[in-house]
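> Shown below is the structure under consideration.
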Amino acid sequence: MKFDFTTVPERKGKDAIAVDIPVLNGFDINETVKPGFDLIPMWVADMNFVVPACITDTVSERLEHPSFGYYLIRDEYYDSIQRWHEERHGISDITKETIGYENGLLGGLVSSLKVLLPEGGKVLLHSPTYIGFTHVLKDNGYKIVSSELVKDQDGTWRMDLSDMEKKIKDGKIKVAVFCSPHNPTGRVWSREELEQAAELFERYSVTVISDEIWSDLILFGNRHIPFASVSKYAHNNTVELYAPSKTFNLAGLIGSYHVIYNPKLRNKIETYEKATSYNSMNVLSMYALIGAYSEEGAEWVDDLIHVLEENVDLALNALKKVPGIAVERPQGTYMLFLDCKEFCEKNELTLDELLKKGMEVGVLWQDGRPFGGTYTIRMNLASPTHRIHEALKRLGKHVWGLPESIWEPLTSMWEAFNPWNMFLKKAEDSDKD
Ligand SMILES: Cc1ncc(COP(=O)(O)O)c(C=O)c1O
């Protein structure tokens, strides 16, 4: 592996919400975590990896020029976005005009809604739901109409098209917020599923705001298909929202963008955004995107995906051994969405008690109830593999009450995966040659 995915960045005291937040899941972190356990952040959707040098070098180079007056957006910014989507997702019709800066993906979502719907209007959303959607919709006076995703017989989360249709029809719904890949379930929608959804939206003239912030983190050979690419209707009636922030851990720099093909729709949204005067890019975030969407950035993401796949497999192998925990293998993102209902009932635990037990041994996992379900936990796996292994071992011993011996196969699996051991083995093998 060319890049460093094993160093654990010391984030404490460095303004990271992941470890510096005082209260999580309703528990004071300082009071809850027992002595002897360091913190393993496994909640908010950011990563515990250092960013690649292509980002820091590009930003540092700009810092060498110590002048930060009003600036123009460089063509390189637009070119980088176009090239990225062409190379990563096979999309070649993005032009400079179709791209527009968004001050955070949720900022873009709210601006689009303000243009598309009067306050009090109804918005179709899938549930489970990313909590950011729930907050911004409620805080801006919109009504959420949820259509539940359902698990099929293989345990795969699916859209319920007939339920969606009923809700759109009954509620006269004209706007849907679509999450692709889906947070928190990790579903990467297939072309067929997207086409079916697009047909349904077309039948009822629904405009789609498609949040594709996770589109670069696609696992196990799945493929992301941008919603606007699945039909002519979708092309003309979708606001696609993207960012390098999930892919490269740049949320603190802010820098999302939209792709809107329909000039009328685009013009309305951009006019609204211009009028607010709130939607301007930071010059350093422009350089961060240019550095990220580069050849080296692409190589880094390819390696990152392998690490995330290892972490998912490691976690699922462990979780399979815990009676009463149900979890699906995500096809994208770095999140696991655990259903702990049976476990809690068997062990006479409330979800709060279970969350607290994990936190006591330093595992900062996240209450999943605000996303959906009554006994759910969201677990972020974007950390060096040895940290995920450590978290699973602590949970096994102190929370799930499993005997140490049950972790043996897992430990040997980790030994095989451990990048340091792999490096030593490679060196040993090349000595033999
Ligand atoms: C689906 C989804 N959309 C949006 C966001 C937040 O994006 P931003 O910080 O750019 O508003 C997140 C963050 O986790 C997310 O998971």
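> Mind ordering 147-156, 380-389 by average Cβ neighbours within 10 Å, highest first?
So the order, starting with the most tightly packed, is 380-389, 147-156.
> How many percent of the alpha carbon pairs in the chain exceed a separation of 26 Å? Could the numbers behind the result be given before it?
On the way: 53969 of 93528 pairs.
More than 26 Å apart: 58 percent of the Cα pairs in the chain.
> Around GLU102, which amide H atoms from residues at least 5 apart in sequence, or from another chain, sit under 5 Å from its own amide H, with H modelled in the peptide plane?
SER256, TYR257, HIS258
> Just to confirm the filter: which trypsin sites (Lys or Arg not before Pro) across the stretch 1-89 are DSSP coil and have at most 14 other Cβ within 10 angstrom of their Cβ?
Here the trypsin sites (Lys or Arg not before Pro) that fit, given the DSSP loop and packing criteria, are LYS2, LYS12, LYS14, ARG74.
> Search the structure for amide H atoms under 5 Å from the amide H of THR207, placed 1.01 Å from N in the peptide plane, and list their residues when 5 or more places away or on another chain.
VAL175, ALA176
> Under 5 Å between amide H atoms, partner at least 5 residues away or on a different chain: which partners does SER127 have, H built in plane at 1.01 Å?
Under 5 Å from the amide H of SER127 lie the amide H atoms of SER147, GLU148, LEU149, each far enough along the sequence or on another chain.
> Let me check against my output: what whole-number percent is the relative contact order of the stretch 74-280, with C-alpha pairs under 8 Å and at least 6 apart?
24
> Could you please state how large a percent of the accessible area of the stretch 300-372 is carbon and sulfur, counting protein chains only and using a 1.4 Å probe?
Carbon plus sulfur share of accessible area: 44 percent.
> Ranked highest first by average number of other Cβ atoms within 10 Å, how do 96-104, 354-362 line up?
Result, highest mean first: 354-362, 96-104.
> Report the convex hull volume per residue for the stretch 110-259, counting only C-alpha atoms, in Å³.
On the way: hull volume 16.5 nm³, N = 150.
It comes to 110 Å³ per residue, whole-number rounded.
> Which three lengths, in whole Å and largest first, does the stretch 1-82 cover when its Cα atoms are put on their principal axes?
Result for the stretch 1-82: principal-axis Cα extents of 51, 36, 26 Å.
> Here's something else I'd like to know. Which value, in Å to one decimal place, does the Kirkwood hydrodynamic radius take for the stretch 204-246 when every pair of different Cα atoms is included? Kindly include the intermediate steps, with their values, before the conclusion.
Details: mean 1/r = 0.0880 Å⁻¹.
The Cα-based Kirkwood calculation yields 11.4 Å.
> List, in the order given, every pair from LYS356/LYS397; LYS320/LYS341; LYS12/LYS246 whose Cα-Cα distance in the structure shown is over 18 Å.
Over 18 Å Cα-Cα: LYS12/LYS246.
> Round to a whole number: what % of the accessible area of the stretch 74-280 belongs to carbon and sulfur, probe 1.4 Å? Each step should come with its number before you reach the end.
Working: 4110 of 8730 Å².
Whole-percent figure for carbon plus sulfur exposure: 47.
> For the stretch 256-270, take each phi angle, set θ = phi - 60°, evaluate the Karplus expression 6.51 cos²θ - 1.76 cosθ + 1.60, and give the result in whole Hz per residue in order, putting x for glycine and proline.
Coupling constants for the stretch 256-270: 9, 7, 9, 10, 10, 7, 6, x, 5, 4, 4, 4, 4, 5, 5 Hz.
> Now for a different question. So for each of 320-332, 164-176 I average, over its residues, the number of other beta carbons within 10 Å; can you give me the resulting order with the highest mean first?
Ranking the peptides 320-332, 164-176 by packing returns 320-332, 164-176.
> In whole Hz and in residue order, list the ³J(HN,Hα) couplings for the stretch 376-393 that follow from phi through the Karplus curve 6.51 cos²θ - 1.76 cosθ + 1.60, θ = phi - 60°; x for Gly and Pro.
9, 9, 9, 10, 8, 9, 8, 9, x, 4, 5, 6, 5, 4, 4, 4, 5, 5
> With r as the distance between the Cβ atoms of ALA275 and GLN196 and R0 = 35 Å, compute the FRET efficiency 1/(1 + (r/R0)^6) and round to 0.05.
On the way: r = 37 Å, r/R0 = 1.05.
Between GLN196 and ALA275 the formula returns 0.40.
> Among the DSSP beta bridges whose two residues both lie in the chain, what percent are antiparallel, rounded to the nearest 5?
If I count the DSSP bridges inside the chain, around 50 percent turn out antiparallel.
> On average, how much accessible surface per residue is there in the chain, in Å², for a 1.4 Å probe, leaving out ligands, DNA and RNA?
Ligands and nucleic acids excluded, the figure is 45 Å² per residue.
> Could you calculate the contour length gain from HIS235 to ASN262, that is, 0.36 nm times the residue separation minus the distance between their Cα atoms, to one decimal place in nm?
Here the segment from HIS235 to ASN262 would lengthen by 9.0 nm.
> Then there is this: Taking θ = phi - 60°, what integer Hz values does the Karplus form 6.51 cos²θ - 1.76 cosθ + 1.60 yield along the stretch 240-251, in sequence order, with x for Gly and Pro?
9, 10, 9, 6, x, 5, 6, 4, 10, 6, 10, 4
> Also, I was wondering about something else. Could you please state, rounded to a whole Å, how far the C-alpha centre of the stretch 55-92 is from the C-alpha centre of the stretch 305-334?
If you average the Cα positions of each part, the centres end up 35 Å apart.
The values are calculated or read from the model by the stated rules, or taken from the named source; none is laboratory data. Quick caveat, the model's predicted, so the values are computed rather than measured. Here Cβ is always computed from backbone atoms with ideal geometry, including for glycine, and neighbour counts include all displayed protein chains. We work out accessible area using only protein heavy atoms, side chains counted, and drop any ligands, DNA or RNA first. Shrake-Rupley method; radii C 1.70, N 1.55, O 1.52, S 1.80 Å.
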